[in-house]
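Report on the following structure.
The values are calculated or read from the model by the stated rules, or taken from the named source; none is laboratory data. Here the structure is a predicted model, which means the values were calculated and not measured. Please note: Cβ atoms are built from the backbone with ideal geometry, for glycine as well, and neighbour counts cover all protein chains shown. Just the protein is used for accessible areas: all its heavy atoms, side chains included, with ligands, DNA and RNA removed. Shrake-Rupley method; radii C 1.70, N 1.55, O 1.52, S 1.80 Å.
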Amino acid sequence: MMYEFAYVRPASLEDAVRALRMHSEAKPLAGGMSLLSAMKLRLAAPTHLVDLGRLDGLAGIAGNNQAITIGAMTRHADVAASPIVREAIPALAVLAGDIGDRQVRHRGTLGGSVANADPAACYPAAVLGLAGTIITDRRHIGSDDFFRGLYETALETDEIVAAVEFTRPARAGYMKFPHPASRFALVGVFVAEFGAGNVRVAVTGAGPRVFREARLEAALAKEFTPTVASAVAVSAEGLNSDRAASAEYRAHLVSVMAARAVAWALAPTSQS
Amino acid sequence: MKTAVSIIVNDRRCETEVPTTMLLVDFLREVAGSKGTVVGCDTGQCGCCTVHVDGDAVKSCTMLTAQADGASILTIEGLASADGMHPMQRAFHEHHALQCGYCTAGIVMNAVDIVTKHHELDERTIRRLIEGNLCRCTGYSNIVDAILEAAREAKRGA
Amino acid sequence: MDAEIARAVGAGSSAPRIEDARLLTGKARYVENLDVSGCLFAAFLRSTHAHACIKSIDTTRAVAAPGVVAVFTGVDLLEAGVGPLPFHEVVQREDGGPMQPPARLALASDRVRFSGEAIALVIAQTRRAALDALEHIQVDYDPLPVVVRARMAHAEDAPLVADGAPRNVVGFMRIGDKAKTDAVFARAAHVTRLSLTNQRLSASPMETRSVIASWDRDRNRLTLFAGNQAPHMAREQIARCLGIPNDDLRIVVGDIGGGFGMKLVPYPEEVALLFAARSLKASIRWKADRTESFLSDTHGRDHDTDAEMAFDREGRILGVRMRVWANMGAYLSFFGITVATGSGNRVVSGVYRIPTLDVEVRAMLTNTAPVGPYRGAGRPEAIYRLERLLDVGAAELGMDPVTLRRINLITPDAIPYLANSGQIYESGNFPRILDQALAVADWAGFDARREAARARGQLYGGGICCHIDTTSGIRPFEQVGIVANALGRIDVFSGTQAMGQGIATVYASMVATRLGIPIDHINIVQGDTDRVPDGVGSYGSRSLFIGGSAVVQATEALVDVLRQRAAAVLASNSGDLIFEAGRFAVADRSIGIFELLARTGGVEAQGRHESKFVFPNGCYVCEAEIDPETGVVTIARFSGVDDVGTVIHPMIVHGQVQGSIAQGIAQALYEEVVYDDEGQLLSASFMDYALPRADVLPRLSVETDETSICPTNPLGAKGAGEAGCLGAPPAVVGAVMDALAKFGVRHLDMPLTPEKIWRAMRTPTPACRAEMRS
């Protein structure tokens, strides 16, 4: 049962920022999948919740030849079903369509996931793997600078994610090895190739935060094939080790999932 | 701290003030009197509390009542019509897709939403789409059969 | 007679479930849905230490907190004379003295022995106020050393959980003949040895424990609304704790959202809440949240075993030796010790001829939550160790696991068979069941499927399990009353308990079919100690073969009375009357039951059935596929045959079989309750404890065989519902080990997680390396 808080429904993004600025222990509320869960367990105790749910303009998907931009309050289900996303970056649609379960996908949002930066969430892998740009109420932040640590981002406490811009890759794939109970990513690997020699590999679930795997990137830049990915020995150093998987097993899964993501990127199917 | 809401539950409008901390599931049970929606966990895993909010299956344990202000909610109590049980409820009954019944309202609500939105359903797809609902009694096969049957019926009726 | 009775009650036809209408429309009567007005709310403060002395508890600030009505601690209960929760005194200590487990108080007073043990109870106007007040209670702990694993608890230098249990052995039992077994092992051609763990599980029904404790002002007594599987038994035990006569406590059960044995025993929370209700003359609600459930529900299994099997040159079993350390947790739940020393040992030799046994079971105290019955309750542990020994033995002897089992099966000519567990297997045809299971599984096609899987780059294996269950005769009776009134309504009163398994449908259908009337005239009354005069409860798959047999007796008694009356009305000899389709007829005269009741008034009849243990059995075959890159196991096929005696309601039996196999597969692959070395529970939510979801469970093809009906009850039924938990784990583990055979792995402990399998694949045993080199 949650601690008491005040519920704030701002009229505009500026309003929302003002509310966050006014109360130091205020938190923006997006879909609430992570924040409300933490509050129920009394692991989070904001004094104010600033509900972004009714701000027009924070949800929606638009694309051009170079990139697609997805509003922060766009739900996972809408990203998964979007013809724009499915055409431009099918791997992103598949990723969104496999977050949590369908009930969660009806509430959870891109912005909420990215701002929360759960080390085992799927979206951060796509943001980092697709060289995304996080557009906030005040600035643009490149994905390489955004994810700082465990639940830690470059966002200021009163800063709100408005949208994320994803670079269109030549091809991309995402493969997740789910935790047996929570179904979060025990290891999730997003691979994207942006023309010859330019490959990004982002790994979620395996470490304290989402990160790029340099060895895989280098190897795949030379030859973008599953065999190459499988052959890369990923280091277990710094990876998470817990009851569900040791660091060593996670490291192994990184290269297996990378290989499968590459295979998918080369021959996409509707399901992961 | 309180907040005012106006929510339609099973076609009945409910205008009232609720505590800001009140979860939608508690509003449904304690304010709207829909006790068919129950809670089986604290972490959003079990899906027992699944209801429809504006036509989408969601877990009412992970949503504030305030977030549902202005929304239209459908719960298990609103599914049957004057002609009797909803085809999904009937299919669950005929296929022995429930035992203790505790997960049933949530699974039925998710299943109704699934059949509404997915027109090509096979066993594997259904098993994936109900991953957000835990059932401890049945082993799921009869649930899958019931949903397949209701999906066939929906197709025939369409 | 048996076949005739089974036919008369409609065996083999599946009446639609009468429970479904309310469960499907949101009208279920779970405790949380019961409308008891003016309830206060409760919250429990639980120990954060696994083992500690409580130096002090300061509740001052909590008592003063807004909305708080009262705060109770263990001292309050002790001073009021509330006693410890009882335990089943079935065995002795290893030194022969009486068991002396630590007193399990409803609220711990001076010492806590597991993390999550209740220490204080807050009663408040709202649930929020109760929970908030918990944060204002100060407990000063003096931590003590902790022991978690049963085998480790037996070490000479292990911390002691209680004074009355030297080396933490709280109870002990021995079966068999040690000298004879030693002799057999000394001359055996081959001995297979295995150390294994049957891991701790959580029953995890979707409805957590939920209680309303209520003071009845008019009658000055207590009512407990709770989802208990055996209300009469619970009443006796709780009343004893509270020091009140049975009649001063009423237990009412509505719908139960799953029990699986975990809701069989009374709980400390119930005693504390009743005490509070009596003290405050109030009604109090409490429902465990999921983490509280993981912390404080009784867990299941948790046996460490050293198992040995001696074979002759042909693979015939000569003897078995078992050393079992059964983890009881910190206290004995009522049936905790019974599971370890009783029910499992009744099937200790399985379906095999085992000339001699030497089994020692030590019931161990540890700093963990108490263990209790969980679906199967002792039999899964017993069957698992035997079947694992046979699989490993077959590998060591270079024999086919099916052949090894076949040559050791008890043959039908030996039935009834006196097993050296002391039990008599009353019926069964084990070779036939094995053959049928292999046919259902298309075992002949296994090699081709394995080749096909290998061609896809997958590892593939097959596993088999021949299991035998023993359905419960602890308190081996049920009493059933039937009251038919003049309006044609027929109430059937039984102390067995509906908990989702559909037993009310089965009873109603049996009575309606026998009487030849529509089922909606039948009203099954269960779960109320005021309305049901006597009974035992539902556990150990006993509701049909004991409870249902009592229903048969009561129904026959009812028909006899009606027959006498019909004879009078029709002016005939009762012996000449034919009773068919709800009518008594002689020559051209007849009268229907309803008219008869209307003319002659209501009728009451009683039935009672007592039964020994009976032995359902079966055989399961599993084929499993392993992804060699990740170690992920997928069940490719799962088939088998169950002999549950007469199948009265096929739909419900198959539902039970499917559900219990699902839980068995879950044990093999997914679930495990884990404590760290400090006794902190690591698997405290569904984020960590992997209850299986729809997409990891297979479709099953399991059939029933009704050729060996049970001779000891009028229905010929043996009980169904638990065998899946016995048969599935060994079949699944066998299949996985078969798939891994080329890596030289013979055994891995459950759950077979991907990482365990991945490690086994990359660290082949020395023997395997040699083989791979050659």
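Within the stretch C:37-65, being within 13 Å of another protein chain (Cβ to nearest Cβ) and surrounded by fewer than 21 Cβ atoms within 10 Å (Cβ to Cβ) holds for C:Cys39, C:Phe41. Answer with yes or no whether C:Ala50 is among the small types (Gly, Ala, Ser) and touching a Ser or Thr at 6+ places or on another chain (Cβ under 8 Å). It is true that C:Ala50 is among the small types (Gly, Ala, Ser) and touching a Ser or Thr at 6+ places or on another chain (Cβ under 8 Å).
With respect to being away from chain B (no Cβ under 11 Å), part of a helix (DSSP H, G or I) and either modelled with pLDDT of 95 or more or in contact with a helix residue (DSSP H, G or I) (Cβ under 9 Å, 6 or more places away or on another chain) (or both), A:Ala44 falls outside the description.
For C:Gly26, the conditions (1) touching a residue at least 12 places away in the same chain (Cβ under 8 Å); (2) of a type outside the set (Lys, Arg); (3) within 14 Å of another protein chain (Cβ to nearest Cβ) are fulfilled apart from (1). Within the stretch B:42-71, being without any contact (Cβ under 8 Å) to a residue 24 or more places away in the chain and within 12 Å of chain C (Cβ to nearest Cβ) holds for B:Asp42, B:Thr43, B:Gly44. Candidates in the stretch C:263-308 are the residues that are within 14 Å of chain B (Cβ to nearest Cβ) and part of a loop (DSSP other than H, G, I, E, B); of these, the one that is most open to solvent (accessible area, probe 1.4 Å) is C:Asp289.
In the stretch B:112-158, the residue that is surrounded by the most Cβ atoms within 10 Å (Cβ to Cβ) out of those that are within 11 Å of chain A (Cβ to nearest Cβ) and among the hydrophobic types (A, V, I, L, M, F, W, C) is B:Ile130. If you go through the stretch C:391-434 and keep only what is of a type in the set (Ser, Thr, Tyr) and closer than 19 Å to C:Pro730 by Cα, you end up with just C:Thr403. Where strands (runs of 3 or more DSSP E) fall wholly inside the stretch C:582-635, the ranges with 2 or more residues that are assigned by TED's automatic domain parsing to the domain that holds C:Gly540, touching a residue at least 12 places away in the same chain (Cβ under 8 Å) and open to solvent by 10 Å² or more (accessible area, probe 1.4 Å) are C:583-586, C:589-592, C:603-610.
Starting from the stretch C:105-122, take each residue that is open to solvent by 20 Å² or more (accessible area, probe 1.4 Å) and list its partners that are of a type in the set (Val, Ile, Thr) and modelled with pLDDT of 95 or more, counting only C-beta distances under 6 angstrom and pairs at least six apart or across chains. Sorted first by the residue in the stretch C:105-122, then by its partner, the pairs are C:Ser109/C:Val75; C:Asp110/C:Ile54; C:Arg113/C:Val161.
Of the set (1) over 17 Å from the mean Cα position of the chain (by Cα); (2) crowded, with 24+ Cβ neighbours inside 10 Å; (3) assigned to a helix (DSSP H, G or I), all apply to C:Val392 but (2). Has the stretch C:400-411 got at least one residue that is crowded, with 18+ Cβ neighbours inside 10 Å and among the polar types (S, T, N, Q)? Yes, that holds for at least one residue. Condition (residue is assigned to a strand (DSSP E or B) and open to solvent by 20 Å² or more (accessible area, probe 1.4 Å)) applied to the stretch C:19-27: is it met by at least one residue? No, every residue in the stretch C:19-27 fails to be assigned to a strand (DSSP E or B) and open to solvent by 20 Å² or more (accessible area, probe 1.4 Å).
Taking the criterion of being within 14 Å of chain B (Cβ to nearest Cβ) and within 30 Å of C:Phe638 (Cβ to Cβ), would at least one residue in the stretch C:487-497 satisfy it? Scanning the stretch C:487-497 turns up at least one residue that is within 14 Å of chain B (Cβ to nearest Cβ) and within 30 Å of C:Phe638 (Cβ to Cβ). Screening C:Gly81, C:Gly10 for residues that are assigned to a loop (DSSP other than H, G, I, E, B), over 26 Å from C:Ile256 (Cα atoms) and open to solvent by 20 Å² or more (accessible area, probe 1.4 Å) leaves exactly one candidate, C:Gly81. Tell me yes or no: at least one residue of the stretch B:54-61 is basic (Lys, Arg) and outside the structural domain of B:Leu28 (by TED's automatic domain parsing). No, the stretch B:54-61 contains no residue that is basic (Lys, Arg) and outside the structural domain of B:Leu28 (by TED's automatic domain parsing).
Residues of the stretch C:185-211 that are open to solvent by less than 10 Å² (accessible area, probe 1.4 Å) and away from chain B (no Cβ under 14 Å): C:Thr192, C:Leu196, C:Asn198, C:Gln199, C:Arg200, C:Val211.
Is it the case that C:Arg323 is closer than 20 Å to C:Arg746 by Cβ, out of contact with any helix residue (DSSP H, G or I) (no Cβ under 9 Å at 6 or more places or on another chain) and modelled with pLDDT of 95 or more? Yes, satisfied. Scanning the stretch A:73-89 for residues that are under 23 Å from A:Val50 (Cα atoms) and not in a helix (DSSP H, G or I) turns up A:Met73, A:Thr74, A:Arg75. Would you confirm whether or not the stretch C:53-63 contains a residue that is among the hydrophobic types (A, V, I, L, M, F, W, C), at pLDDT 95 or above, assigned by TED's automatic domain parsing to the domain that holds C:Thr368 and part of a loop (DSSP other than H, G, I, E, B)? No, because not a single residue in the stretch C:53-63 is among the hydrophobic types (A, V, I, L, M, F, W, C), at pLDDT 95 or above, assigned by TED's automatic domain parsing to the domain that holds C:Thr368 and part of a loop (DSSP other than H, G, I, E, B).
Looking at the structure I just gave you, is B:Thr3 within 22 Å of A:Gly32 (Cα to Cα), away from chain C (no Cβ under 12 Å) and in contact with a helix residue (DSSP H, G or I) (Cβ under 9 Å, 6 or more places away or on another chain)? Judged against the criteria, B:Thr3 is a match.
Yes or no, residue by residue, for (1) more than 10 Å from chain B (Cβ to nearest Cβ); (2) within 30 Å of B:His93 (Cβ to Cβ):
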position: C:Arg637; (1), (2): yes, yes
position: C:Asp643; (1), (2): yes, yes
position: C:Val647; (1), (2): yes, yes
position: C:His654; (1), (2): no, yes
position: C:Tyr670; (1), (2): yes, yes
position: C:Gly679; (1), (2): yes, no
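Screening A:Ala38 on (1) more than 25 Å from A:Ala265 (Cα to Cα); (2) more than 13 Å from every other protein chain (Cβ to nearest Cβ) shows it passes everything except condition (2). Tell me whether the stretch B:72-87 contains one or more residues that are facing chain C (nearest Cβ under 9 Å), more than 14 Å from the chain's Cα centre (by Cα) and aliphatic (A, V, I, L, M). Checked the stretch B:72-87: at least one residue is facing chain C (nearest Cβ under 9 Å), more than 14 Å from the chain's Cα centre (by Cα) and aliphatic (A, V, I, L, M). The set of residues in the stretch C:416-439 that are surrounded by fewer than 18 Cβ atoms within 10 Å (Cβ to Cβ), farther than 21 Å from C:Ala717 by Cβ and of a type in the set (A, V, I, L, M) comprises C:Leu418, C:Ala439.
Selection of the stretch C:637-683 for residues being small (Gly, Ala, Ser) and over 27 Å from C:Glu706 (Cα atoms) yields C:Ala666, C:Ala668, C:Gly679, C:Ser683. For the stretch C:123-157, taking the residues that are buried (at least 18 other Cβ atoms within 10 Å of the Cβ) and among the β-branched types (Val, Ile, Thr), the one that is nearest to C:Ser195 (Cα to Cα) is identified as C:Val148. For the stretch C:692-734, the set of residues classified as in contact with an Asp or Glu (Cβ under 7 Å, 6 or more places away or on another chain) and within 12 Å of another protein chain (Cβ to nearest Cβ) consists of C:Arg693, C:Ala694, C:Asp695, C:Val702, listed by residue number.
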